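Enquirer: What follows is a single structure, and I will ask about it in a moment.
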Amino acid sequence: MERFAIIGFGCAGYHALEAIRETDKEARVDVYSDTALPPYNPMLTTYYVAGRLPYEGLFPFGTLEDIAQRLDAHIITNTKVTAVKAGERTVVLSDGREERYDKLLVSTGATAFVPGSFADLKRAFCMRTVDDAVALHDALERREYKDAVIVGASMVGIKVAELLYKRGCHVTLADMAPHIFALAAYPEVSEMIEDRLRNMGIDLAFGQAIAGAEEHDDGTTTVKLADGSSIDTELLVLNIGTRAATGILSPDEVTVERGIVVNDHMETSVPGIYAAGDCCQGNNLQSGQTQIIGLWANAGTQGRAAGRNMAGAMGESDGNILHNITHFLDMDFIGLGDNRLTGEVKTFRSEDGGFYLQAVLKDGKPVGFNILDNYGVSGILKAYLIKVLRGERPVFSAEQRGQLVRFGLSENFIDELGAAL
Ligand SMILES: Cc1cc2nc3c(=O)[nH]c(=O)nc-3n(C[C@H](O)[C@H](O)[C@H](O)COP(=O)(O)OP(=O)(O)OC[C@H]3O[C@@H](n4cnc5c(N)ncnc54)[C@H](O)[C@@H]3O)c2cc1C
């Protein structure tokens, strides 16, 4: 009987297990998890902290007992895999035991990155895991914070800013980058969002490094900026970024760059070892290179593709593009494609000013879109962009045109996008 192992039980690991079982009902599947929790959705952590989601809502796939029974898996909890011995086809567990596998999936996700200058802080919070969410949730239950500094103006940072702002906290959002959503938004769109945030009373400290922070006995923290200025705060939340959790693999055996490098079958440089989700670099359709695409839906598709391949039902992951969809403070922001690519800019603004779209075209073809306050058009525009990248003839069907118009885009603008090709 074949023996599969899955290391890390998040979105990617769960979908891989499900895909294995669709093809192979007999094989033994060992799932190693360093927590005792069912697979959770990190995207929902801020909703839990905000009191908008009950604790159980963090776990979209059910309890561990239910999953183990439904998908016939040996789920080994509270057990960190400390190393993979690719040559011997074994995994080394935190208690020193070694277990054999025939095929292995590494789906260890990513961890919150805390730079050395913040490493000694006792009272700063992060936002990645259920434990992080519970810690911030409980701290907010225990006392009322008048102000907060959130480091990292990313999709995660803005959600934390939102929940604290809605609790009446004065929020400062800080980032080394000159603008909010530096990895997804065009500067003009960032500026529009920043104007709205300032109008709400949220302070922005962008464009300079955060040099460090000092905690005081009275419970406050001084955040020091690179220009010598500082901000005193009662609450510090760090969302500086994430790092792919790749440490259990030896780079001498398996190719690891920023993430574990995989091919379209989600297989690493070592046959029989697969990787999926935030720990790996899959195909970015736009750059044609492998890249970490740290998105929930992407982790699911990659996990499924890995599971299918492990079980022998060949399946490729189609690759993906960078895309961010986020709702915060009564705004929707959607970024599609690599925002570093420049070219001809086309913009659309609805008459009531409530919907703004910026498209960037290179050699007459769209390479990216930013959308403010209209998620209805995003699916069609994403599909359109992917068609362009695949070299297919990109046309809007009559139904898609109708939908774009219904969601507020003008016929003229749709023609402009199409006419550019
Ligand atoms: C606050 C927040 C907001 C987000 N918002 C969005 C969003 O709006 N849209 C979007 O698409 N994505 C969003 N994301 C990203 C999305 O949640 C991730 O891309 C996705 O959860 C990745 O799934 P994964 O299975 O690869 O990794 P994870 O969910 O990180 O799961 C990996 C699991 O492996 C375990 N593990 C790690 N190492 C070991 C080991 N050595 N041994 C055993 N177990 C191990 C970990 O404990 C973890 O349980 C957000 C993330 C956060 C934190």
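Enquirer: What are the residues in the stretch 385-418 that are touching a residue at least 24 places away in the same chain (Cβ under 8 Å), assigned to a helix (DSSP H, G or I) and buried (at least 17 other Cβ atoms within 10 Å of the Cβ), if any?
Expert: Correct list: Leu385, Ile386, Val388, Leu389, Leu404, Phe413, Leu417.
Enquirer: Quick one: which helices (runs of 4 or more DSSP H) lie wholly within the stretch 1-85 and hold at least 3 residues that are closer than 16 Å to Met310 by Cα, within 11 Å of the ligand (Cβ to nearest atom) and at pLDDT 95 or above? Break it down stepwise before answering.
Expert: On the way: elements: 11-23, 45-49, 64-70.
Counting at least 3 such residues, we get 11-23.
Enquirer: From Glu141, Glu99, which residue is free of Cβ contacts under 8 Å to residues at least 40 places away in the same chain and either part of a strand (DSSP E or B) or more than 16 Å from the ligand (Cβ to nearest atom) (or both)? Write out each step before concluding.
Expert: Working: Glu99 fails: free of Cβ contacts under 8 Å to residues at least 40 places away in the same chain.
It is Glu141.
Enquirer: Output the residue which, of all residues in the stretch 180-194 that are in contact with a strand residue (DSSP E or B) (Cβ under 6 Å, 6 or more places away or on another chain) and not in a helix (DSSP H, G or I), is surrounded by the fewest Cβ atoms within 10 Å (Cβ to Cβ).
Expert: Among those residues, the one meeting the criterion is Tyr186.
Enquirer: Go through the stretch 319-375 and give me each residue that's under 19 Å from Phe407 (Cα atoms), under 24 Å from the mean Cα position of the chain (by Cα) and surrounded by fewer than 16 Cβ atoms within 10 Å (Cβ to Cβ).
Expert: His327, Asp330, Met331, Tyr375
Enquirer: Let me ask you something else. Here's a check for you: in the stretch 149-174, which residue that is away from the ligand (no atom under 16 Å from the Cβ) and small (Gly, Ala, Ser) is surrounded by the most Cβ atoms within 10 Å (Cβ to Cβ)?
Expert: Ala174
Enquirer: Checking the structure you have, find out if any residue of the stretch 111-124 is part of a loop (DSSP other than H, G, I, E, B), near the ligand (Cβ under 9 Å from one of its atoms), of a type outside the set (Val, Ile, Thr) and surrounded by 18 or more Cβ atoms within 10 Å (Cβ to Cβ). Step through it out loud before you land on a result.
Expert: Pass one, the stretch 111-124, residues part of a loop (DSSP other than H, G, I, E, B): 113-115, 119-124.
Subsequent filtering for residues that are near the ligand (Cβ under 9 Å from one of its atoms) retains none.
No.
Enquirer: Next question, about the same structure. Pairs needed: first member in the stretch 35-58, closer than 21 Å to Lys166 by Cα and in the same structural domain as Thr82 (by TED's automatic domain parsing); second member anywhere, part of a loop (DSSP other than H, G, I, E, B) and among the β-branched types (Val, Ile, Thr); C-beta distance under 9 Å; at least 6 residues apart or different chains.
Expert: Going by the 9 Å Cβ cut-off, the qualifying pairs are Pro42/Thr129; Thr45/Thr129.
The values are calculated or read from the model by the stated rules, or taken from the named source; none is laboratory data. Note that this is a predicted model, so its numbers are computed, not measured. Don't worry about glycine lacking a Cβ; one is built from the backbone with ideal geometry, like all the others, and counts go over all protein chains shown.
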